[in-house]
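Encoded as structure tokens, the structure appears first; notes follow it.
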Amino acid sequence: MFMYLDSPLAARSAPLLQRLDRSMSSVTIPPPACMLRPLEVPLRYLFGPGPSNVPPRILAAGSRPIIGHLHPEMYEIMNDIKRGIQYVFQTENNMTLAMSGSGHAAMECAVFNMVEPGESVLIAINGIWGERVAEIAERIGANVHRLVKSPGGYFTNKEIEQVEKHKPVLFFLTHGESSAGLCHPVDGIGDICRKHNCLFLVDTVASLGAAPIFMDKQNIDILYSGSQKALNAPPGTAPISFNDRACHKMFNRKTKPVSYLFDMAHLSNYWGCDGKPAREYHHTGPVSGFFTLRESLAILAEKGLEESWKKHKEVSAYLYRGLEDLGLKLFIPERDLRLPSVTTIAIPAGYNWRELLTYIMKHHHMEMTGGLGPSIGMVMRIGLMGYNCEKTNADMALHALADALKSCKKSKP
């Protein structure tokens, strides 16, 4: 519409335009200089405990055009993800989905939905992840009991029989304790939990795709993982699955879960797991993250789980030999208990581990890390998982370590 400046409409609009001018001129915080520069991200070899380098095919999946999170095509992708998780978990559980968040999101989802205030839980702690679950359970008012070992220690099934003494509703165990480099045996523990009417919750964030796990055969009631380790997707999505025993407890609560976002009463519908004909809006899922998770699961399905487990075992064994040739000591003495995806070495005598890792990053553009939580100051960690699980990468890591050991001065006698 054309408007003359001396028209009545123009006169009425003048105060509005003046207010608009004033509001536009009231900006006192200038654009930050960093936002006026292009994004720069260095290329690094991520040979730590995760995230790992993402293969081009998965990066390409993340660059696909965005679609609506409630579009039919998105639901089909989510259905694919569900079936992919069922494969990698080796489960037929209907209640299988991916959390919108990292592995911690799945960890909290499991505890929030399975445990009510005042209920007893038993947590196996031999690294940081048991500590985290214990804290989460305490925050929601659970009666937390702890089975504790030093980092790298493992629990016998006889020790786990203590479950009877505490009468817990839930027992937690980390399958792949990445802070110590331990892959914990799982066989028989699910049977113990069923014997004592206790649910069995297992963390496979660092082990999924790298070490065998069989959710149904091993009677695991709740299993979760993360996208950024051996699955090689970017961080931000977390597979999780609940069996019928877990669902019975979860959907017959006396109180609502403390989190709306992680409430499985809503998430089960969002993921089409509740049998209802229509999915209702719950939250906006990470669309691109689901694209990349779907692609990572497809790659693992094409490769085959058994082939992936075999590859991780072979490459880790190759790395062990190279580390021992350098005179380094593996932190987990029992070969069968070592986590294939994350290898831990005892800090070499006389060296400052931070200086070694800083040197490797500066001169080789390579990430390795120290310990985490209770293992800080005890270990250095090397992760070769998924896309990075190659002998050529093991050789690069060994060369970088040898150079660091040669170039860094011993800071202790």
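The values are calculated or read from the model by the stated rules, or taken from the named source; none is laboratory data. Quick caveat, the model's predicted, so the values are computed rather than measured. FYI the Cβ positions are ideal-geometry reconstructions off the backbone, even for glycines, and counts take in every protein chain you see. All accessible areas refer to the heavy atoms of the entire protein, side chains included, with ligands and DNA or RNA removed. Shrake-Rupley method; radii C 1.70, N 1.55, O 1.52, S 1.80 Å.
Could you list, in sequence order, the residues of segment 146-163 that are surrounded by 22 or more Cβ atoms within 10 Å (Cβ to Cβ) and in a loop (DSSP other than H, G, I, E, B)? Scanning segment 146-163 gives P151, G152.
Listed by first and then second residue, the pairs linking a residue in segment 324-338 that is over 18 Å from E314 (Cβ atoms) to a residue that is of a type outside the set (V, I, T) and open to solvent by 100 Å² or more (accessible area, probe 1.4 Å), with Cβ atoms under 6 Å apart and 6 or more places separating them unless they lie on different chains, form an empty list.
Those strands (runs of 3 or more DSSP E) of segment 196-243 in which 2 or more residues are small (G, A, S) occupy 237-242. The lone criterion from (1) in contact with a helix residue (DSSP H, G or I) (Cβ under 9 Å, 6 or more places away or on another chain); (2) surrounded by 17 or more Cβ atoms within 10 Å (Cβ to Cβ); (3) under 21 Å from F200 (Cα atoms) left unmet by D216 is number (2). In segment 362-373, the residue that is farthest from E177 (Cα to Cα) out of those that are touching a residue at least 24 places away in the same chain (Cβ under 8 Å) and open to solvent by 50 Å² or more (accessible area, probe 1.4 Å) is H363. Given the conditions (1) small (G, A, S); (2) at pLDDT 95 or above; (3) under 21 Å from T369 (Cβ atoms), and given that A246 satisfies all but one, which numbered condition is not satisfied? The failed condition is (3). Within the span defined as segment 324-340, one or more residues are within 18 Å of the chain's Cα centre (by Cα), closer than 23 Å to T174 by Cα and outside the structural domain of P151 (by the TED database). Taking the criterion of being touching a Leu at 6+ places or on another chain (Cβ under 8 Å) and surrounded by fewer than 19 Cβ atoms within 10 Å (Cβ to Cβ), the residues of segment 328-347 that qualify are L330, L337, A346. The residues in segment 265-290 that are under 19 Å from A246 (Cα atoms) and open to solvent by 40 Å² or more (accessible area, probe 1.4 Å) can be counted, and the count is 4.
Residues in segment 362-372 include at least one that is at pLDDT 95 or above and out of contact with any strand residue (DSSP E or B) (no Cβ under 9 Å at 6 or more places or on another chain).
Might you check whether a residue that is under 19 Å from the mean Cα position of the chain (by Cα) and assigned by the TED database to the domain that holds Y87 occurs anywhere in segment 265-276? Yes, segment 265-276 contains at least one residue that is under 19 Å from the mean Cα position of the chain (by Cα) and assigned by the TED database to the domain that holds Y87. Screening the candidates E390, E355, E307 for the property of being free of Cβ contacts under 8 Å to residues at least 40 places away in the same chain and open to solvent by 60 Å² or more (accessible area, probe 1.4 Å) yields one hit, E307.
Residues in segment 164-195 that are within 19 Å of H248 (Cβ to Cβ), assigned to a helix (DSSP H, G or I) and open to solvent by less than 10 Å² (accessible area, probe 1.4 Å): G190, C193. Every listed requirement among (1) within 30 Å of A60 (Cα to Cα); (2) in a helix (DSSP H, G or I); (3) of a type in the set (S, T, Y) is met by T284 save one, (2).
Can you find a residue in segment 296-308 that is in a loop (DSSP other than H, G, I, E, B), of a type in the set (V, I, T) and either over 20 Å from I240 (Cα atoms) or within 22 Å of the chain's Cα centre (by Cα) (or both)? For segment 296-308, residues in a loop (DSSP other than H, G, I, E, B), of a type in the set (V, I, T) and either over 20 Å from I240 (Cα atoms) or within 22 Å of the chain's Cα centre (by Cα) (or both): absent.
With respect to (1) modelled with pLDDT under 95; (2) more than 21 Å from I332 (Cβ to Cβ), the lone exception for G152 is condition (2).
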